[in-house]
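What follows is calculated from the coordinates using simple rules that are stated; it is not laboratory data. Since the structure is predicted, the reported quantities are computational estimates derived from the model, not experimental observations. Cβ sites come from the backbone with ideal geometry, for glycine too, and all protein chains shown count toward neighbours.
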Amino acid sequence: MTTTIPSQERYHRVIIGLHWLMLLLLIAVYACIELREFFPKGSDPRKAMKMWHFMLGLSVLALVIIRLTFRLRHGSPAIVPTPPPLQQKIAFAMHVMLYALMIGMPLAGWMILSAEGHAVPFFGLELPALITPDKALAKQIEEMHTTFGKVGYFLIGLHALAGIYHHHFVKDNTFKRMMPAPKVK
């Protein structure tokens, strides 16, 4: 669990920037894999969508490591007023699941490509295989990847709804902590 810093009103600006950048990346990751269905199997546009899905997913992995490092180093601003203990436990569990998604899904995608014996593209680089080729294992990992991808829709949606709920109904600073500081004139 990260340290809470009562005097801090917002998350560190790097954490805020990465949060919103990663949201855009996750939208793009999901869009690429969903939009590929509009193109025939084996077509260049479909291959491009899959390649972008892989590269953007791996970008999420790289950024989440930076984000976690900053979050552990800079702590979290306190929620004011303090939520009940059960709500705090639920929020912590949600964050753990979201971080597991942002770490596990790209790693699973990397393992799928590795197990299929394919190159792992990353913006002009070819990343090393994580596991040896094994078509049966690739299929198993792909099934889990697909299932957890669907769970990701739910987790991301629930996270967004919780932020809206806290902002408009509870009227605490949960949502404001992740917003950029207003510009001072």
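Annotations
- Estimated inter-spin distance, GLU34 and HIS167, nm [label 7 Å along Cα→Cβ]: 2.0 nm
- Here's the picture: a label point sits 7 Å out from the Cα of ILE27 along the beta-carbon direction, and within region 130-165 the residues with their amide nitrogen under 14 Å of it are 157, 160.
- Relative contact order of the chain, defined on C-alpha pairs under 8 angstrom at six or more residues apart (%): 27 percent
- Which of SER114, SER59 has the fewest Cβ neighbours within 10 Å, and the rest in rising order: SER59, SER114
- Note on GLU142 and GLN87: the extension gain reaches 16.4 nm, defined as 0.36 nm multiplied by sequence separation minus the Cα-Cα distance.
- In sequence order, region 65-77 has phi-based couplings of 5, 5, 4, 5, 4, 5, 5, 5, 6, 9, x, 10, x Hz under the Karplus curve 6.51 cos²θ - 1.76 cosθ + 1.60, θ = phi - 60°, and Gly or Pro positions carry x.
- At R0 = 30 Å, FRET efficiency that the Cβ-Cβ distance of HIS118 and ALA62 yields, to 0.05: 0.90
- 14 Å beta-carbon shell around VAL29, net charge (K/R +1, D/E -1): +2
- Modelled this way, with points 7 Å down the Cα-to-C-beta line, the labels at ILE156 and ILE103 are 2.0 nm from one another.
- Residues TYR165, TYR153 in ascending order of nearby Cβ atoms (within 10 Å, fewest first): TYR153, TYR165.
- Within the set (i) 73, 45, 31; (ii) 53, 40, 31; (iii) 55, 36, 29, the number that Cα extents along the principal axes in Å takes when calculated for this structure is listed as (ii).
- At R0 = 25 Å, FRET efficiency that the Cβ-Cβ distance of LYS183 and VAL80 yields, to 0.05: 0.65
- Length added when fully stretched, VAL14-ILE131, from 0.36 nm per residue minus Cα-Cα: 38.8 nm
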